[in-house]
Amino acid sequence: MEFAKAQKYSARVSDKYYLTDNEKFLYVKCELVLPDRIEYQAGQYVSIKVNEVGERRSYSIVSTPDDNHGFHLLAEMVEGGKGSAFLKNIQIGGAVEILAPLGRFVVADAQASNKLLFVVTGSGIAPIYAMINDLLLNKRETRQIRLHWGLKNEANMFWFDNFERLMESYPNFVFDPVLSQPGEDWDLCSGHVQDCLKRDFGSAGLKGWEGYVCGNPTMVEEVSVLLPQLGMDSTLIYREKFT
């Protein structure tokens, strides 16, 4: 698989807004200035210069590669985080300097018959969101695609309507949200994504699937051990840790 060479880009913020009322997840849209086009693959990320000292922070691109005039980012707001402070304080029209595209966490050129399983926690959904939208909307993928996304509680939920609309339009896509601390009215899977994987695949197994795992390091490690136990070929597990 070939990847475009990373280079510096200047951009400006065209829009930004929080995806949750608790202001934990910030969505940022950027338009390229120079160069004014970018070539990337769904799942790759950008490195943003966040202060005059030259420190940088990395954020996955949420938009799909057909949007080559700019890029969208999802940022989880971390108290005291330099990247969080930069994106929180930058104004609409503000300048952004990035290095991109970076990373190799993309949908692999693997066996065309493999079903695709995505296992995610928190803001690890960013590259996966781009992958799934690119597969369904742009590439018209017909293989079975399944997403298990773990969040803490209802206050952290976003994009659920988006995924539900994808399920309505594409019968080969299934979305399984998981809450570790749900409210009393939550009637879907609760606990950790590992628990729900065991529930859903404990008997059927995962032979013939390939897996993409992204999120907190502990989950990534545990799921990477669990998937082969459920029958997935360990060479078909692709991982990205978010810290």
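The values are calculated or read from the model by the stated rules, or taken from the named source; none is laboratory data. What you see is a predicted model, and the numbers here were worked out from it, not measured in a lab. Glycine also receives a Cβ, built like all others from the backbone with ideal geometry; neighbour counts cover every protein chain displayed. With ligands, DNA and RNA removed, areas are computed over all heavy atoms of the protein, side chains included. Shrake-Rupley method; radii C 1.70, N 1.55, O 1.52, S 1.80 Å.
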Eligible aspartates and glutamates near Lys5 by straight Cα distance, threshold 17 Å, same-chain separation 8 or greater: Asp36, Glu39, Glu97
Amide proton proximity set for Ala108, modelled H, under 5 Å, gap of 5+: none
Euclidean distance between Cα centres, the range 18-62 to the range 78-108, Å: 3
Per-residue ³J(HN,Hα) for the range 186-202, Karplus 6.51 cos²θ - 1.76 cosθ + 1.60, θ = phi - 60°, Hz, x for Gly and Pro: 6, 10, 9, 5, 10, x, 9, 4, 4, 4, 6, 5, 5, 5, 7, 10, x
Potential lengthening between Lys198 and Gln91 on full extension [0.36 nm per residue; Cα-Cα distance subtracted]: 34.0 nm
Extension gain from Thr142 to Glu222, taking 0.36 nm per residue of separation minus the Cα-Cα distance: 25.9 nm
Amide H partners (placed H, <5 Å) of Tyr212, local residues excluded: Leu117, Phe118, Val119, Tyr238
Of all accessible heavy-atom area on the chain, the percent that carbon and sulfur account for (1.4 Å): 46
Unpartnered cysteines - no second Cys beta carbon under 4.7 Å - across the chain: Cys30, Cys214
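Using 0.36 nm times the number of residues separating Lys241 and Val174, minus their current alpha carbon distance, what extension gain do you get?
Taking 0.36 nm per residue and subtracting the Cα distance, the gain is 21.8 nm.
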GluC sites (Glu not before Pro) restricted to DSSP loop in the range 138-225 with at most 15 other C-beta within 10 Å: Glu184
Neighbour-limited loop hits for chymotrypsin sites (Phe, Trp or Tyr not before Pro), the range 1-107 (at most 12 other Cβ within 10 Å; DSSP other than H, G, I, E, B): none
Total formal charge among the other residues, if their Cβ is under 13 angstrom from that of Asp67, Lys/Arg +1 and Asp/Glu -1: -3
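For the full complex of protein chains and a 1.4 angstrom probe, list Arg56, Arg104, Arg146, Arg239 by accessible area with the highest value first. Intermediate results must be reported in sequence, preceding the final value.
Details: Arg56 80, Arg104 180, Arg146 40, Arg239 105 Å².
Largest to smallest exposure gives the sequence Arg104, Arg239, Arg56, Arg146.
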The range 26-127: GluC sites (Glu not before Pro) falling in loop per DSSP and having at most 15 other Cβ within 10 Å: Glu39, Glu52, Glu55, Glu79
Distance (nanometres) between label positions extended 7 Å along Cα→Cβ at Val78 and Lys207: 4.1
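Report relative contact order for the chain in percent, whole number only (criteria: Cα-Cα under 8 Å, sequence separation at least 6).
Result for the chain is 18 percent.
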Accessible area in square angstrom per residue, the chain, 1.4 angstrom probe: 49
Proximal aspartates and glutamates relative to Lys115, as straight alpha-carbon distance under 13 Å, when same-chain residues fewer than 8 apart are discounted: Glu141, Glu210, Asp233
Tail weight of P(r) past 26 Å, computed on alpha-carbon pairs of the range 25-167, percent: 27
Candidate lysines - alpha carbon under 16 Å from Lys24, same-chain residues fewer than 8 apart omitted: Lys16, Lys82, Lys88, Lys152
Residue (of Ala95, Gly124, Asn22) at the positive-pole extreme of the chain, dipole from beta-carbon charges: Ala95
Theoretical ellipticity at 222 nm over the chain - DSSP helices of four or more residues, -39500 (n - 2.57) apiece, nearest 500: -6000 deg cm²/dmol
